[in-house]
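The values are calculated or read from the model by the stated rules, or taken from the named source; none is laboratory data. None of the values given here were measured: they were computed from a predicted structure. So basically every Cβ, Gly included, is an ideal-geometry build from the backbone, and we count neighbours across all protein chains shown.
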Amino acid sequence: MLLVMPIIFIAITLIDVWVPKKVIIDRLGDNSGKKGILLSFILGSISAGPIYAAFPMASALLKKGASISNIVIIISSWAVIKIPLLANEIKFIGFKFMIVRWILTVISIMIMAKIISNNINIEEINPKEKII
């Protein structure tokens, strides 16, 4: 944990300073569409860090204008779809089972993101408060 958190804080700072709010809104905002969903899955899937590192990152993206559904996708895919671990899954549970699990997981994440974004308002989250 002590090794991961400084890297996460640096990444959050870089996102906050270098990535303009307009870029986050265009790529991960409410109107980002399928490209935003795909980018959210990619951002969550390529991570190799623990899940607790996703929450400060999600908070920073939310403050910059990312949609709730894309944040849910990032956090969920960070937790259960790890591209670096796919080789181990193939080795232990087989390719066919891994593909079925991956497809069902992606579908479940999409449903969960839709339900959560329909039931939670951005004002309820209050991303303007300093979390980290």
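Odds and ends about this structure:
- Between 106, 100, the distinction of being exposed (fewer than 15 other Cβ atoms within 10 Å of the Cβ) and either at pLDDT 95 or above or closer than 17 Å to residue 11 by Cβ (or both) belongs to 100 only.
- Selected residue (criterion: farthest from residue 77 (Cα to Cα)) from residues of the range 16-45 that are β-branched (Val, Ile, Thr) and under 14 Å from the mean Cα position of the chain (by Cα): 24
- Cβ-Cβ under 8 Å pairs, at least 6 apart or on other chains, the range 106-118 side over 14 Å from residue 77 (Cα atoms), far side assigned to a helix (DSSP H, G or I) and of a type in the set (Gly, Ala, Ser): 114/69; 116/69; 117/69
- Look at (1) assigned to a helix (DSSP H, G or I); (2) in contact (Cβ under 8 Å) with a residue 40 or more places away in the chain; (3) not aromatic (Phe, Trp, Tyr) and you find that residue 101 fails only one, number (2).
- Subset of the range 1-28 that is part of a loop (DSSP other than H, G, I, E, B) and in contact (Cβ under 8 Å) with a residue 40 or more places away in the chain - its residue that is surrounded by the fewest Cβ atoms within 10 Å (Cβ to Cβ): 1
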